[in-house]
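For reference, the structure discussed in these notes is given below.
The values are calculated or read from the model by the stated rules, or taken from the named source; none is laboratory data. Everything numeric in this text was worked out from a predicted model, so none of it was measured. No Cβ is skipped: glycine too gets one built from the backbone with ideal geometry, and neighbour counts run over all protein chains shown.
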Amino acid sequence: MSLLMKKLIFLIYLILFSLLIVSQSFAENLFKVRWVNDGDTIVLSDGRRVRYIGINAPEVAHEDKKAEPLGDKARNFNKKLVFQKKVRLKFGRERYDQYGRLLAYVFLRSGVFANARIIGEGYAFFLPRSPNVGYNALLLRYQRKAMSAKKGIWKNWKEKERNYIGNRRSKRFHTKTCPFGKSTDKRNRIFFSKKWDAFWAGYAPCKKCIPQ
């Protein structure tokens, strides 16, 4: 056997071995979804809870609280999307939230980006939060498509004009009477007359002053 042929065989072996390693590595990074809590939270087969980065879905009923509008539909959509399926998790700079849940971008084996799909169907709004900002532009683009198509939470949208104070730094917007809005540095302030305009610009509502 010539030296050239030996080198060629070795090269083919090296490529096949590399592909096997990559395949095994990918498989090891796949996790089965054991349960779907709601439109933006899942439980993996190993018991870890995962909160989707960059989205906020309506709440389902729990304890003494009633379900928010579309809360059950958002959960059902998420369940149809990922329940009992294997997903790949991609993390941002911050791995856990205040409740100990993993923060992740969730992808199906097919490549479907679950966070974006849920927003794109109008079952959640875009929730920017630093330092996990890697997919912000994409998620906002999906939200704008859902808003334009009047899907989910954007369907039959009605509101009266009011004064809202946005914070360019936190990407939150507040009512004009909200202490957090009032304390926003003037250099970071931006004003909106409608919640719709704030959402379109990529801002999310303050939990303290704006019902979600």
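Determine the pairs where a residue that is within 12 Å of K171 (Cα to Cα), located within region 128-142, has a partner that is assigned to a helix (DSSP H, G or I) with Cβ atoms under 7 Å apart, the partner being 6 or more residues away or on another chain.
P128/N136
In region 69-98, which residue that is free of Cβ contacts under 8 Å to residues at least 60 places away in the same chain and either at positive phi or crowded, with 19+ Cβ neighbours inside 10 Å (or both) is farthest from the chain's Cα centre (by Cα)? It would help to see each step written out before you state the result.
Within region 69-98, the subset free of Cβ contacts under 8 Å to residues at least 60 places away in the same chain is 71-72, 75-87, 90-98.
Checking the rest, the ones that are also either at positive phi or crowded, with 19+ Cβ neighbours inside 10 Å (or both) come to 71, 75, 77-78, 81-82, 84, 87.
Working: G71: 16, R75: 14, F77: 14, N78: 12, L81: 14, V82: 14, Q84: 19, V87: 14 Å.
In this case the residue turns out to be Q84.
Considering (1) buried (at least 18 other Cβ atoms within 10 Å of the Cβ); (2) farther than 25 Å from E68 by Cα; (3) assigned by TED's automatic domain parsing to the domain that holds R75, say which one N167 fails and leave the rest.
N167 satisfies every listed condition except (3).
Among the listed residues L20, L4, identify the single one that is at pLDDT below 95, in a helix (DSSP H, G or I) and either in the same structural domain as R144 (by TED's automatic domain parsing) or surrounded by 10 or more Cβ atoms within 10 Å (Cβ to Cβ) (or both). Step through it out loud before you land on a result.
Values: L4 fails: either in the same structural domain as R144 (by TED's automatic domain parsing) or surrounded by 10 or more Cβ atoms within 10 Å (Cβ to Cβ) (or both).
Exactly one residue qualifies, and that residue is L20.
Tally the residues that are assigned to a helix (DSSP H, G or I), surrounded by fewer than 16 Cβ atoms within 10 Å (Cβ to Cβ) and among the aromatic types (F, W, Y), restricting the search to region 178-199.
1
List pairs: first residue in region 149-176 and closer than 12 Å to R189 by Cα and in a loop (DSSP other than H, G, I, E, B), second residue at pLDDT 95 or above and β-branched (V, I, T) anywhere in the structure, Cβ distance under 7 angstrom, at least six positions apart or on different chains.
R168/I190; K176/I165
Can you find a residue in region 121-144 that is more than 15 Å from the chain's Cα centre (by Cα) and not assigned by TED's automatic domain parsing to the domain that holds C206?
no
Filter region 29-72 down to residues that are assigned to a helix (DSSP H, G or I) and either among the basic types (K, R) or not assigned by TED's automatic domain parsing to the domain that holds A104 (or both), then give me how many there are.
Just the residues of region 29-72 that are assigned to a helix (DSSP H, G or I), to begin with: 71-72.
Keeping just the survivors that are either among the basic types (K, R) or not assigned by TED's automatic domain parsing to the domain that holds A104 (or both) gives none.
Matching residues across region 29-72 total 0.
Residue check: is F77 among the aromatic types (F, W, Y), in a helix (DSSP H, G or I), farther than 23 Å from R172 by Cα and not assigned by TED's automatic domain parsing to the domain that holds R172?
Numbers: among the aromatic types (F, W, Y): yes; in a helix (DSSP H, G or I): yes; farther than 23 Å from R172 by Cα: yes; not assigned by TED's automatic domain parsing to the domain that holds R172: yes.
Here the answer is yes, as F77 does meet what is asked.
Yes or no: K66 loosely packed, with under 15 Cβ neighbours inside 10 Å and modelled with pLDDT under 95?
Details: loosely packed, with under 15 Cβ neighbours inside 10 Å: yes; modelled with pLDDT under 95: yes.
Yes.
For region 34-83, give me the residue count where each residue is in contact with a strand residue (DSSP E or B) (Cβ under 7 Å, 6 or more places away or on another chain), closer than 13 Å to I153 by Cβ and aliphatic (A, V, I, L, M).
Residues that pass the stated criteria total 1.
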